[in-house]
Amino acid sequence: MSVDLLERPAVPAPVAAGHGDNGGLPARRAMVRWAWRLFRREWRQQLLILSLIIVAVAATFVGSTVATNTPPPAGAGFGTAQDLATVQGTPTQIAAYIAKVQLHVSRVDVIENQTISVPGSINTYDLRAQNPHGPYGLPMLSLLRGHFPTGSDQVAMTSDLASTFGLKVGDTWHQGSTARQLVGIVQNPQSLLDSFALVTPGQVTSPTAATVLFNADASTLKPLGANVETRAGASSANGFNPQTIALALATVGMLLIALVSVGGFTVLAQRRLRSIGMLGSLGATDRNIRLVVRANGVVVGVVGTVVGGLLGLAAWLAYRPHAESSSHHLISEFALPWTVIIVSMALAIVATYFAASRPARAVTKIPIVTALSGRPAPPKALRRSAVPGVVAVVIAFFLLGAAASTGGNGGGAPQLVLGLVSLIVAIILLAPLSLAPLTGLTRRAPVAVRLAVRDLARYRARSGSALAAITLGVLIAVLICVLAASRYGNVLDYAGPNMTSNQLVVYAPSSGPGPGSQCINPNGSRSCGPQTPPVSLATATATAHHIAQGLGTGPVVALDQSSASLLHDAGGRQFGGQVYVATPQLLRAFGISASQINPDADFLTARPGLSSLSLMQATFGDYGSKVGPPATGSNPYPCPKSTCLANPVIQEVSALPSGTSAPNTVVTERFIHQHHLGVSTAGWLIQTAQPLTGQQIANARSTAASASGMSIETKNDQPSSSEIINWATVFGVVLALGVLAMSVGLIRSETAGDLRILTATGAGSRTRRALTASTAGVLALLGAVIGTVAAYIGTIAYTRGSSLDGLSSLENIPAKSLLFILVGMPLLAAIGGWIFSGRQPAAIATQPME
């Protein structure tokens, strides 16, 4: 005869003050101590969750610190002053305004700048007059080597400018007719990109701009006009605070931790069913048992947070020099966003607490006899409604559209954040519901697949949270891919690298990338400092060929320009970029034959989608002076026949270069002759067989500098759309596969008993591999599909109210990345599950099979 305890006995009434009906404080201490002992004994079983928390906290520590310190420091440009006044204009106007400020403010610090072109380059630098020991400008100036200039014949330079001129401390610098000795190397700690030559106050005779630093009250600022800016106003002007963004990302990261940890704590609670049943049989209440599981979650969270914080601090100290180089300003070792770090650490602990709360509630519903036997409770039918998730999607759609309609000026930040939160909530609510129909869809699948799908639906408390975490990773990646493709797909506002690394453009005098010169003075002139008369076209052509010979290449392609350009008569969007002439020499340089060109084509372009864009206009002659600024109404840009051609024929030619400064869009000679347009040479394109080296670029710049007015342009560091999309795809896939690996490990460990039964009945390694591969593949496929759909819902909602129109063209959809996420990621997951799951379960003979 046996006696079974079918249910817990009634809780006795309190017998002592302070103990209550749950054993009071002594019972809670005992449960917490027991949870701590279990963690010390079984920390290896919790290593998966612990590692996830450590990595997440460390990544949040480093990521938030980098994000916060990447923008210029707060108050950059103010020094130690609370107010600054900036003025541009002629030297007389600048001097008059400085005198006006000095009349109202007793103590000022004046910084005068004269913008000067680097000889032979489109880059510029400032000749700066500043007192190194001024009352307010000390944070904007630091000495690296040598000493500050003390006389009119001395100068200090930034290291990049000294390198450009090939100077070292002690050398003589000739600037026009003035010779100065280089006595020091300096920098602006708040902007390492600030390239300037420092002279003593009064040595800038023709300033183009000046900054006056001072402290004054509000009544004093009024007479100084709109030139004044306050430190408080500059700080509040940024609607997207980096710390706010970092905190939002940390919150999303901790949400991922919670979603994955739910499954881990569910498995741990299942492993401890017998111990928990023993506690219940000894009189522990439901609250005591829930406390054990929750305390375990808190212990794991605290240990992971502390270790992750220390690891993050060490990683930040090692990465700080690289962060200074990429952010272009000095960063203190402990310039940490303490608010974000403390809140994210607290969120990590809270996330593990709530992740453990769900299995804590579930385990108390298991009868004591069932718990003592170690058998899991039968799964309950999924009765969750999809209505809340659909409502969250609708709310996210309208909030994201409202955020985009503000024009991107920072006013839509609350709507954007709330829209993304609503989208994430919708994913958490809807993702687990997709597991229920799987059983019916796989009725005719092999046995191993049916078993895997049944387990996903059966243990959906854990698999649903894992699916939501995978979906969030895919959502982030697809959002970046689609938005990048949409931005780079704007054919009118072209973005990306200016040219390839083996291309160099030599500009003729008074020419440069884009409309006009790079150096425009406040008085309207396009010269930067004293300039000698530009060279003739013949001399400029000879100089370009000389540069090509120095680079070891022969062909030099002349870049001719005319008054022809393009305009889009919708929304006031003009064509961005220079339109060169499609000369036979230019077409041959890119392998384009005459037979490839439509005889009726007016323009050739490498910009995908430009040929199919409606309401295009080809302008020429003196169109701008005759038409004037755009008018309001249905026809903002009139198109008179004498200076405009409506709906020109635009042919897409992929062989043309895609760089923003390269001839990506050209006008045909037929159009030039038909409208009797004049042509002039703007520059020369040189292409080499290998990427240009720094020494080659320096030699080319020096050669161009020998011819007055000429300059060169080489590849910039702007990323291409493919780089952004590829990195986003890799990030999303790696994140999803990492979460998937943890989740599949938890799933297989929770179903280890079933796997032992299969092995004992003769199932071989092929069946075990098929089970794990099917589990991983199905979860990856569902996460990829749901994440992609959610990302497109968010993107469509945002782009419908903004200027991003890249989704309107199939060419701008990142098909390769989406295909890799939707097909490649599930295949990788299935292959990985097959490879790493063939090992036979341990201790089959000694493990009780129930």
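Every condition in (1) assigned to a strand (DSSP E or B); (2) open to solvent by less than 40 Å² (accessible area, probe 1.4 Å); (3) in contact with a helix residue (DSSP H, G or I) (Cβ under 9 Å, 6 or more places away or on another chain) holds for Arg145 except the one numbered (2).
Per-residue answers, yes or no, for (1) of a type in the set (D, E, K, R); (2) out of contact with any Asp or Glu (no Cβ under 7 Å at 6 or more places or on another chain); (3) without any contact (Cβ under 8 Å) to a residue 24 or more places away in the chain:
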site	(1), (2), (3)
Thr68	no, yes, no
Pro73	no, yes, no
Leu84	no, no, no
Gln88	no, yes, no
Ile94	no, yes, no
Ala99	no, yes, yes
Asn113	no, no, no
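State whether one or more residues within region 496-503 are surrounded by fewer than 24 Cβ atoms within 10 Å (Cβ to Cβ), within 18 Å of the chain's Cα centre (by Cα) and touching a residue at least 60 places away in the same chain (Cβ under 8 Å). Checked region 496-503: at least one residue is surrounded by fewer than 24 Cβ atoms within 10 Å (Cβ to Cβ), within 18 Å of the chain's Cα centre (by Cα) and touching a residue at least 60 places away in the same chain (Cβ under 8 Å). Filtered by the rule that a residue be crowded, with 18+ Cβ neighbours inside 10 Å and more than 38 Å from the chain's Cα centre (by Cα), region 640-650 gives Thr643, Cys644, Leu645. If you scan region 209-235, which residues turn out to be of a type outside the set (Gly, Ala, Ser) and either open to solvent by 20 Å² or more (accessible area, probe 1.4 Å) or without any contact (Cβ under 8 Å) to a residue 24 or more places away in the chain (or both)? Thr211, Asn215, Asp217, Thr220, Leu221, Lys222, Pro223, Asn227, Val228, Glu229, Thr230, Arg231, listed by residue number.
Do we have Lys100 as part of a helix (DSSP H, G or I) and touching a helix residue (DSSP H, G or I) at 6+ places or on another chain (Cβ under 8 Å) here? Judged against the criteria, Lys100 is a match.
Exactly one residue out of Val474, Val447 is at pLDDT 70 or above, within 29 Å of Ser837 (Cα to Cα), aliphatic (A, V, I, L, M) and over 29 Å from the mean Cα position of the chain (by Cα): that is Val447.
Filtering Ala594, Ala606, Ala589 for residues that are within 37 Å of the chain's Cα centre (by Cα) and open to solvent by 30 Å² or more (accessible area, probe 1.4 Å) leaves a single hit, Ala589. Filtering region 326-362 to residues that are assigned to a helix (DSSP H, G or I), of a type in the set (A, V, I, L, M) and in contact with a Ser or Thr (Cβ under 9 Å, 6 or more places away or on another chain) leaves Val340, Ile341, Val343, Met345, Ala346, Leu347, Ala348, Ile349, Ala351, Ala355, Ala356, Ala362.
Looking for something of a type outside the set (D, E, K, R), modelled with pLDDT of 75 or more and within 28 Å of Ala829 (Cα to Cα) - is there at least one such residue anywhere in region 407-420? Checking region 407-420: at least one residue is of a type outside the set (D, E, K, R), modelled with pLDDT of 75 or more and within 28 Å of Ala829 (Cα to Cα). Within region 609-619, the set of residues being on the phi < 0 side of the Ramachandran plot, part of a loop (DSSP other than H, G, I, E, B) and either open to solvent by 10 Å² or more (accessible area, probe 1.4 Å) or acidic (Asp, Glu) (or both) comprises Ser611, Ser612, Leu613, Ser614. Residues considered: Ser563, Ser525. Of these, the only one that is modelled with pLDDT under 85, part of a loop (DSSP other than H, G, I, E, B) and open to solvent by 10 Å² or more (accessible area, probe 1.4 Å) is Ser525. Give the residues of region 651-676 that are open to solvent by 20 Å² or more (accessible area, probe 1.4 Å) and closer than 25 Å to Ser595 by Cβ, sorted by residue number. Result: Gln651, Glu652, Ser654, Ala655, Ser658, Glu669, Arg670, His673, Gln674, His675.
Residue-by-condition table, conditions (1) surrounded by 17 or more Cβ atoms within 10 Å (Cβ to Cβ); (2) in contact with a strand residue (DSSP E or B) (Cβ under 6 Å, 6 or more places away or on another chain):
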| residue | (1), (2) |
| --- | --- |
| Leu47 | no, no |
| Val66 | yes, no |
| Pro91 | no, no |
| Val105 | yes, yes |
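Looking only at residues in region 440-492 that are among the charged types (D, E, K, R) and part of a helix (DSSP H, G or I), the one that is nearest to Gly732 (Cα to Cα) is Arg487. With respect to being crowded, with 16+ Cβ neighbours inside 10 Å and touching a residue at least 60 places away in the same chain (Cβ under 8 Å), Ala736 fits the description. Could you go through region 318-327 and let me know if any residue there is touching a Pro at 6+ places or on another chain (Cβ under 8 Å) and not β-branched (Val, Ile, Thr). Yes, there is a match, as at least one residue in region 318-327 is touching a Pro at 6+ places or on another chain (Cβ under 8 Å) and not β-branched (Val, Ile, Thr). None of Ala780, Ala770, Ala741 is among the hydrophobic types (A, V, I, L, M, F, W, C), open to solvent by less than 30 Å² (accessible area, probe 1.4 Å) and modelled with pLDDT under 85 except Ala770. Looking only at region 153-174, which residues are open to solvent by 70 Å² or more (accessible area, probe 1.4 Å), out of contact with any Leu (no Cβ under 9 Å at 6 or more places or on another chain) and in a loop (DSSP other than H, G, I, E, B)? Of everything in region 153-174, just one residue is open to solvent by 70 Å² or more (accessible area, probe 1.4 Å), out of contact with any Leu (no Cβ under 9 Å at 6 or more places or on another chain) and in a loop (DSSP other than H, G, I, E, B), namely Asp153. Apart from one condition, Val183 fits all of (1) closer than 15 Å to Leu127 by Cβ; (2) in contact with a Pro (Cβ under 8 Å, 6 or more places away or on another chain); (3) surrounded by 15 or more Cβ atoms within 10 Å (Cβ to Cβ); the exception is (1). The residues of region 316-340 that are modelled with pLDDT of 85 or more and within 17 Å of Val55 (Cα to Cα), listed by number, are Trp316, Leu317, Ala318, Tyr319.
The values are calculated or read from the model by the stated rules, or taken from the named source; none is laboratory data. Note that the coordinates shown come from a computational prediction; the quantities given were computed from them, not determined experimentally. No Cβ is skipped: glycine too gets one built from the backbone with ideal geometry, and neighbour counts run over all protein chains shown. SASA here: full protein model, heavy atoms, side chains in, ligands and nucleic acids out. Shrake-Rupley method; radii C 1.70, N 1.55, O 1.52, S 1.80 Å.
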